[in-house]
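Peer 1: The structure under discussion is supplied below as structure tokens; questions concerning it will follow.
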Amino acid sequence: MKIPVSKPLISNKATKYVNEALSEKSLSGLFGKFIPKFEEEFADYCGTKHSITCSSGTAALHLPLAASGLKKGDEVLVSTLTNMATFFAVIYTGAKPVPVDIDTDTLNISFEDLKRKVTKRTKAILLVHLFGHPADLNPILEFARSNNLDVIEDCAEAHGAEYHGKKVGGFGKAGCFSLFANKIITAGEGGVITTNDDDLNLTIRNLKSLAFGEKDKFQHKDIGYNYRFSNIQAAVACEQLENISHLVKKRIEIAEFYNKEFESLSDFISLPIQRPHSKNVYWMYHMVLKPNEKLFNKRNEICKELSKKGIETRQGFVPFNLQRIFIDKKMTKPNDCPNANAISGSSFYIPTGPDISEKELKYVASNFLEIIDKLIN
Ligand SMILES: Cc1ncc(COP(=O)(O)O)c(C=O)c1O
């Protein structure tokens with residue numbers, strides 16, 4: 001058996017939509033009906049006024065940051081534990097990303113550390129809803145309002161996640177989603193920005209497509225980017241969005257199954273949690289080995305044993321403050337974020353994709369329990 005960490009679940013409707021786009025010869029990001037259809041429906045789903053497609057989750061992060069005119073000398077507070085795309089997007093603008101430590105239960109940005117890291121140069125907070133669990137937004141939004149800071153949500157892993165009953169993506173200035181193949185909904189590659197801000201919507205649409213002039217097309221209004229999404233990708237994304245309730249439900253059911261199976265390991269392993277007033281969509285079933293002598297430093301061994309059984313895993317993210325390239329460039333120091341350091345090296349995730357069968361799920365769980373059992377007994 002070979003079980004990948006995530007394989008998309010795509011219905012025949014996607015083939016139908018893609019064929020429609022092909023037969024209409026509407027391939028690009030400028031023509032065709034699927035981009036406007038997807039943008040309208042995704043904004044509806046997230047409860048925001050606008051949604052704008054683009055070429056990747058990284059581009060989705062870069063565009064609102066670029067639109068806010070960030071420059072050298074400005075600082076952006078960023079949750080340290082994330083895919084480094086979150087940090088790269090800030091670096092592209094010339095501003096300095098400042099890593100903020102995490103809360104050890106949700107692994108999301110720590111409000112206490114955020115308050116410590118703010119300076120006169122801070123312009124924005126870029127928080128991540130990591131592994132599908134929403135960050136604790138209310139105190140951060142209030143703090144941002146009173147300090148005149150923008151809040152941008154990295155929702156790459158959290159389509160459909162909710163905070164106090166409201167979907168993520170509409171709490172700050174912009175929400176940034178990825179449509180990469182392993183994400184909750186996918187187009188293979190792609191990204192979406194959600195916003196309630198009419199001006200930002202227009203600026204982002206302008207920047208994502210080379211900032212062409214309005215009257216005189218080739219008198220460009222700005223230094224633009226080509227971050228366009230294609231009509232073919234949007235055809236796939238439309239099918240995914242029609243099925244999003246099922247795709248989210250599937251990931252939640254997978255997590256609930258693993259939670260039950262691994263209940264007895266709670267002295268040894270931190271399983272994913274769901275805080276009150278939050279809806280976790282469990283992008284990936286991510287675990288952290290607790291620091292006890294039996295399992296300490298055994299992460300790689302566990303992943304290797306699972307791999308021998310055909311079960312794919314991924315090691316957890318390496319925080320910004322432990323990335324050698326940024327330490328060498330003196331952009332951070334290893335001890336900037338002790339909570340993130342304490343879990344880095346002992347975290348990993350197991351198959352969580354919506355295409356996994358019941359038989360495969362049971363196979364993953366029983367092999368995992370067996371491997372852990374051998375190590376702790
Ligand atoms: C938290 C987070 N932010 C940003 C990204 C970047 O998205 P993309 O790969 O679509 O550029 C990803 C995932 O890949 C991610 O997990």
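Any read-out appearing in this document is the output of simple, stated calculations on the displayed coordinates, not a laboratory observation. Note that the coordinates shown come from a computational prediction; the quantities given were computed from them, not determined experimentally. We place every Cβ from the backbone using ideal geometry, glycine too, and count neighbours over all the protein chains shown.
Peer 1: Across the chain, where is the longest run that never hits chymotrypsin sites (Phe, Trp or Tyr not before Pro) in a DSSP loop with at most 15 other C-beta atoms within 10 Å?
Peer 2: Numbers: sites that count: 31, 212, 218, 296.
Longest gap between qualifying sites, sites excluded: 32-211.
Peer 1: For the chain, what is the convex hull volume of its Cα atoms per residue in Å³?
Peer 2: 141
Peer 1: Assigning unit charges at the beta carbon (Lys, Arg +1; Asp, Glu -1) and nothing else, what dipole magnitude in debye, to the nearest 20, does the chain show about its Cα centre?
Peer 2: 840
Peer 1: What's the exposure ranking of 263, 75, going from fewest to most Cβ atoms within 10 Å?
Peer 2: 263, 75
Peer 1: Let me ask another. Among 238, 303, 176, which comes first, then next, by fewest other beta-carbon atoms within 10 Å?
Peer 2: The most exposed by this proxy come first: 303, 238, 176.
Peer 1: Could you run the Karplus curve 6.51 cos²θ - 1.76 cosθ + 1.60 with θ = phi - 60° over the stretch 92-108 and give me ³J(HN,Hα) per residue in whole Hz, x for Gly and Pro?
Peer 2: Residue by residue, the stretch 92-108 yields 3, 7, x, 6, 9, x, 10, x, 10, 5, 10, 7, 6, 8, 8, 6, 8 Hz.
Peer 1: If neighbour count is taken as other Cβ atoms inside 10 Å, put 129, 62, 277 in order from fewest to most.
Peer 2: 277, 62, 129
Peer 1: Next up: With labels modelled as points extended 7 Å from the Cα through the Cβ direction, what inter-label distance (nm, one decimal) is found for residue 10 paired with residue 148?
Peer 2: 4.8
Peer 1: Here is a follow-up. Could you check which residue among 215, 115, 304 shows the biggest mean-square fluctuation in a GNM of the chain with a 10 Å Cα cutoff?
Peer 2: Checking each option, the largest mean-square fluctuation is seen for 215.
Peer 1: Further question on the same structure: Do the sum for the chain: with -39,500 (n - 2.57) for every DSSP H run of n ≥ 4, divided by all residues, what is the mean residue ellipticity at 222 nm, to the nearest 500 deg cm²/dmol?
Peer 2: Mean residue ellipticity at 222 nm (helix-derived): -11500 deg cm²/dmol.
Peer 1: Assuming R0 = 25 Å, can you tell me the calculated FRET efficiency for the pair residue 246 and residue 373, based on Cβ-Cβ distance, to the nearest 0.05? Spell out each step's value before the answer.
Peer 2: On the way: r = 34 Å, r/R0 = 1.36.
So the FRET efficiency works out to roughly 0.15.
Peer 1: Still on this structure, I have one more. Give me the compactness ratio for the stretch 129-266, meaning the Cα radius of gyration over 2.2 N^0.38 Å.
Peer 2: So the Cα radius of gyration is 1.28 times the expected 2.2 N^0.38 Å.
Peer 1: Under a 10 Å cutoff between Cα atoms, tell me which one of 359, 290, 166 has the largest fluctuation in the Gaussian network model of the chain.
Peer 2: The residue that fluctuates most here is 359.
Peer 1: What percent does the relative contact order of the stretch 12-242 come to when contacts are Cα pairs within less than 8 Å and at least six residues apart?
Peer 2: 27
Peer 1: Right, here's the next one. Along the charge dipole of the chain, Cβ charges K/R +1 and D/E -1, which of 354, 134, 230 sits furthest on the positive end?
Peer 2: 230
Peer 1: For the chain, set up a Gaussian network in which alpha carbons nearer than 10 Å are linked by springs, and say which option among 265, 137, 114 fluctuates the most.
Peer 2: It is 265.
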